[in-house]
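Peer 1: Just dropping this structure here.
The values are calculated or read from the model by the stated rules, or taken from the named source; none is laboratory data. None of the values given here were measured: they were computed from a predicted structure. Positions of Cβ are generated from backbone atoms using ideal geometry, with glycine treated the same way; all protein chains shown enter the neighbour counts. What goes into the accessible areas is simple: the full protein's heavy atoms, side chains included, and nothing from ligands, DNA or RNA. Shrake-Rupley method; radii C 1.70, N 1.55, O 1.52, S 1.80 Å.
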Amino acid sequence: MDSGTVSKDQSSSAEQQPDAPSMFEVKAIPLKGIGLVALQDIPQGTLIIQEKPLLVAHPGAPDALEILLSSKLKKLDKPSQRQFLSLHNNFPGKHPFGGIMRTNALPCGSGSEIGAIYPTICRINHSCLPNSQNTWNSDTEIETIFAIKPISCGEEITISYDRGGPSAARQAFLKQAFGFQCSCAVCSQSPSLLRESDNRRSRIQELDDQIGDPFRMMQNPVESLKDCHSLLQTLNAEYGGYPGALMARLYYDAFQISIAHGDKARASVFAEKAYEVRLMCEGGDTPEAKKMKNLAANPSAHSSFMAYSSKWKNTKKKLAGEVDEEAFERWLFRTSD
Ligand SMILES: [Zn+2]
């Protein structure tokens with residue numbers, strides 16, 4: 001896992017992947033070191049690779065972490081040790097194992113402190129506009145990579161390691177956390193296009209914060225739902241129609257706003273949409289995907305059903321008669337209320 005202008009030792013490569021499926025190859029990428037490249041056109045929603053971790057660790061004080069990693073490494077078989085040691089280290093110094101961990105580890109779930117190292121998945125480079133998504137399935141304890149948009153043969157497979165925000169914030173985070181300078185398609189746009197992208201990314205953060213405000217959700221749910229609709233449009237604009245799991249989070253927020261005021265009809269549609277997104281970008285067997293599927297079938301099972309009010313209580317079917325997509329969206333997000 002590395003990217004940008006950092007050069008890396010390219011001696012380790014595809015020969016360590018005897019069982020690599022034909023969907024991709026592990027190879028040297030100009031200016032990026034090693035990465036994964038599609039060997040065929042990969043449709044959206046395809047599971048590209050899944051792996052169990054070689055090792056997992058909590059972050060800790062550098063000396064203590066080095067000792068812990070050393071003892072964990074000793075317990076691995078020789079091929080696994082070689083796989084770990086062949087990964088790039090952007091933090092050379094007196095903590096070589098910790099440096100490899102910091103450069104390559106992926107969190108076991110969003111927001112998790114625990115980092116995991118994978119033999120092949122850790123070779124996937126970052127992009128601020130990724131074509132794939134990494135997901136930790138806490139039920140199966142497997143990391144998956146799904147194509148979140150159609151990938152062409154010869155295209156590099158990328159995931160996002162950043163935490164959102166405009167380019168300056170992403171660059172600072174990527175440099176500090178992983179030790180590289182991002183030079184992805186978004187970050188290397190012309191200044192005027194980058195400014196437009198930065199404005200959209202700032203707007204995405206702003207809307208996200210606003211939607212997460214429980215008081216607003218309670219007192220002004222129509223405005224909260226309108227924010228969800230604005231977020232949907234901004235995500236689609238910024239991510240070229242393929243925002244991946246960000247869309248699932250948005251639909252779940254809209255579900256929560258609806259169900260907290262008793263609106264089972266819209267809540268069910270939002271949960272169904274969240275499920276469809278998760279099915280596409282992480283498969284149907286993650287706890288999050290299963291939860292969305294259950295809520296679509298039975299939205300009032302959610303703990304916040306009518307927690308704020310019953311003013312949107314209805315048991316009616318979605319919409320009477322035939323409606324076009326735009327009319328349905330207006331109804332769904334209450335944009336004409
Ligand atoms: Zn970037």
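Peer 1: Tell me the relative contact order for the chain as a rounded percent, counting alpha carbon contacts under 8 Å between residues six or more apart.
Peer 2: Details: 614 pairs, mean separation 54.0, N = 337.
Computed value for the chain: 16 percent relative contact order.
Peer 1: At 1.4 Å probe size, with the rest of the protein present, what percent of the exposed accessible area of the stretch 14-178 is carbon and sulfur atoms?
Peer 2: On the way: 4350 of 7470 Å².
Ligands and nucleic acids excluded, carbon and sulfur reach 58 percent.
Peer 1: Same structure again: For the stretch 191-332, what relative contact order do you get, as a whole percent, if you take Cα pairs closer than 8 Å and at least 6 residues apart? Please list the in-between numbers first.
Peer 2: On the way: 166 pairs, mean separation 30.0, N = 142.
Contact order relative to length: 21 percent.
Peer 1: Can you list the DSSP H helices in the chain whose Cα atoms extend at least 20 Å along the helix axis and whose mean Kyte-Doolittle hydropathy is -1.0 or higher?
Peer 2: On the way: long enough: 191-211 (29 Å, -1.41); 221-238 (25 Å, -0.27); 245-260 (23 Å, 0.85); 264-282 (26 Å, -0.15).
The qualifying helices are 221-238, 245-260, 264-282.
Peer 1: While we're looking at this one, here's another question. R0 = 25 Å: FRET efficiency of residue 73 with residue 138, Cβ-based, nearest 0.05? Write down the numbers at each step before the final one.
Peer 2: On the way: r = 24 Å, r/R0 = 0.97.
The value I calculate is 0.55.
Peer 1: If you only keep lysine pairs separated by 8 or more in sequence, or across chains, how many in the stretch 29-142 come under 22 Å at the Cα atoms? It would help to have the intermediate numbers written out before the result.
Peer 2: Details: 52/72; 52/74; 52/75; 52/78; 72/94; 74/94; 75/94.
Lysine pairs meeting the criterion: 7.
Peer 1: Using the structure shown, select from 273/293; 264/311; 290/313; 226/311 the pairs with a Cα to Cα distance greater than 20 angstrom.
Peer 2: Values: 273/293 9 Å; 264/311 12 Å; 290/313 25 Å; 226/311 17 Å.
290/313, as the Cα separations exceed 20 Å there.
Peer 1: Which percent of the accessible area of the stretch 204-337 is formed by carbon and sulfur heavy atoms (probe 1.4 angstrom)? Could you put the intermediate results ahead of the total?
Peer 2: Numbers: 3110 of 6560 Å².
In the stretch 204-337, the share of accessible area belonging to carbon and sulfur is 47 percent.
Peer 1: Considering the alpha-carbon set of the stretch 191-332 alone, what are its Rg and its Dmax in angstrom?
Peer 2: 15.4, 51
Peer 1: Ok, one more. If the chain between residue 173 and residue 301 were fully stretched, how many nm would it gain, using 0.36 nm times the residue separation less the Cα-Cα distance?
Peer 2: Numbers: separation 128, 0.36 × 128 = 46.08 nm, distance 3.87 nm.
My answer for the length gained is 42.2 nm.
Peer 1: Quick check on the stretch 14-178: what are the equivalent-ellipsoid semi-axes from the Cα gyration tensor, as sqrt(5λ), descending, whole Å? Walk me through the intermediate numbers first.
Peer 2: On the way: eigenvalues 124, 72, 48 Å².
Listed largest to smallest, the semi-axes of the stretch 14-178 are 25, 19, 15 Å.
Peer 1: Near the amide H of residue 142, under 5 Å away, which other amide H atoms are found, from residues 5 or more places off or on another chain, if H is placed in the peptide plane?
Peer 2: 137
Peer 1: Just the accessible area per residue of the stretch 191-332, please: how many Å² with a 1.4 Å probe? Present the calculation step by step, with values, prior to reporting the outcome.
Peer 2: Details: 7160 Å² over 142 residues.
Roughly 50 Å² per residue, with all protein chains present.
Peer 1: Hey, another quick one. Which of rounded, prolate or oblate describes the stretch 85-231 when judged by the alpha-carbon gyration tensor and an a/c cut-off of 1.5? Don't skip to the answer; put the middle values down first.
Peer 2: On the way: a/c = 1.81, a/b = 1.52, b/c = 1.19.
It comes out prolate by the Cα gyration axes.
Peer 1: Normalised radius of gyration for the chain, please: alpha carbon Rg relative to 2.2 N^0.38 Å, two decimal places. Walk me through the intermediate numbers first.
Peer 2: Numbers: Rg = 21.7 Å, N = 337, 2.2 N^0.38 = 20.1 Å.
Its radius of gyration relative to the 2.2 N^0.38 Å reference: 1.08.
Peer 1: Rounded, prolate or oblate: which one fits the stretch 58-100, using the alpha carbon gyration tensor with axes a ≥ b ≥ c (rounded when a/c is under 1.5, else prolate when a/b beats b/c, else oblate)?
Peer 2: Details: a/c = 2.50, a/b = 1.26, b/c = 1.97.
Cα axes put the stretch 58-100 in the oblate bin.
Peer 1: Relative contact order for the stretch 14-178 using alpha-carbon pairs under 8 Å, separation at least 6, rounded to a whole percent? Can you show the working numbers first?
Peer 2: Numbers: 292 pairs, mean separation 47.7, N = 165.
Reported relative contact order: 29 percent.
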